[in-house]
1. If amide hydrogens are placed 1.01 Å from N in the peptide plane, which non-local residues have theirs closer than 5 Å to the one on residue A:150?
2. Just checking the output field for A:103-111: average partner chain Cβ neighbours within 10 Å of each residue's Cβ?
3. Residue-wise, which Karplus ³J(HN,Hα) couplings in Hz belong to the range B:70-84, taking 6.51 cos²θ - 1.76 cosθ + 1.60, θ = phi - 60°, and x for glycine or proline?
4. In Å² (nearest 100), what accessible area is buried between A and B, both sides summed, heavy protein atoms only, 1.4 Å probe?
5. Take peptide B:49-57, look around each residue's Cβ out to 10 angstrom, count Cβ atoms belonging to other protein chains, and average those counts.
6. Please give the net charge around residue B:81, taking every other residue with its beta carbon less than 14 angstrom from that of residue B:81, where Lys and Arg add +1 and Asp and Glu add -1.
7. Residues in the range A:69-86 near a label at residue B:67, defined as backbone nitrogen under 18 Å from the 7 Å Cα→Cβ point?
8. Can you give the FRET efficiency for residue B:49 and residue B:93, using 1/(1 + (r/R0)^6), R0 = 35 Å, r = Cβ-Cβ distance, to the nearest 0.05?
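The values are calculated or read from the model by the stated rules, or taken from the named source; none is laboratory data. Since this is a predicted model, take the numbers as computed values, not measurements. Don't worry about glycine lacking a Cβ; one is built from the backbone with ideal geometry, like all the others, and counts go over all protein chains shown. Remember, those area values only see protein heavy atoms, side chains included, never the ligands or the DNA or RNA. Shrake-Rupley method; radii C 1.70, N 1.55, O 1.52, S 1.80 Å.
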Amino acid sequence: MVLNRSPDPTDLALLDAIAAGLPLDPHPYARVGEGLGLTETQVRERLGRLLAEGTIRRLGVVVRHQELGYKANAMVVWALPEDRVTELGQRIGALPFVTLSYRRPPRPGWPYSLFTMIHGRDRDAVLAQVDRIKEHCGLQEVESAILFSGRRFKQRGASYGQTRSGAAQERGLEDLGHAGAAVAKLRGVEWPKHAGGATPPAP
Amino acid sequence: MSGEALCLDAIDRRLLNDFQQGFPLSARPYAEIGAHLGIGEAEVLSRLARLSAAGAVSRVGPVLAPKRVGVSTLAAMAVPPGRLEAVADRVSAYPEVNHNYEREHRLNLWFVVTAKDQARLAEVLGEIALTTGLEVLDLPMIEEYHIDLGFPLQWS
């Protein structure tokens, strides 16, 4: 991985062009290139480089969890002593049902320094998982809070704003991951027939 | 967007689960995916269009590493319940805001802001505070302990 290389203006324009998604077209890279003055090959090579460098963490299908039956989404925050945040952030982040683990600064009236995210099929499942975290990491006495999500007002890929110059995508609320186990094997279990529609669409 | 029932067959499930990363960089990526799934390119495209229309797929595209391009933060506000929708609409109107959720807490509105630089980020947060008359908590990520490689779906 090549570090410390900033994306050039063409990279930023390319990332901007595909932020909302690749076209559903037999030649998506050619279509994207048309708007940028790049050939299909140039687009493919640039994306390959941005992936190899780690600027693009992953390229592929970004799913919406609620529509897929993951109705309960909780941000679980922990007020940890400064010198334990990294250790516990790594331990909690390694649990298979934890999809994000970030350190953020505490603020007045908001003592929490570690933010973890759990997506589950329902609230009880999430609450049981929070208990497992507490047990696993000995956090029963640590101040924590569980913030279940309610309405989703907006969800989309990072926009680069009116400046068209690029911006980071902080995936703090939606684009989740599972370390190591990215391609879990599907289990041929019955799918809920009405998985969608639980949440009003974003305006 | 959604509202219609989502009926997913085995191919849909593989399409949703197996291609969250490693999307082909070949000239005809959808054809390559089709070859993996034993279906044609046109069917891959029509299935993705259907799953997008149903809301199950947000997009087929990139997830960027944090702190590589521009700046971002997570922001939180304690909004009086009667004003929540109006304030949420005002926040969502910014192109710099890409996620905006209600959460069950005194701090009940949470959103991610991305911008080209720190100055613009501060400007967006400042404008939101000023126009709503509410405090905006700025909670930038300091360290990341989990690598996003996609979300393994379990059909149970």
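1. Long-range HN contacts for residue A:150: B:102, B:103, B:104.
2. 4
3. x, 10, 8, 7, 9, 10, 9, 9, 9, 9, x, x, x, 9, 4
4. Protein heavy atoms only, the A-B interface buries about 9900 Å².
5. Across the residues of B:49-57, the mean count of other-chain Cβ atoms within 10 Å is 5.
6. Net of charged neighbours comes to +1.
7. Within reach of a label on residue B:67, which here means backbone N under 18 Å from a point 7 Å along Cα→Cβ, the range A:69-86 contributes A:82-86.
8. Details: r = 28 Å, r/R0 = 0.79.
Taking R0 as 35 Å, the efficiency between residue B:49 and residue B:93 is 0.80.
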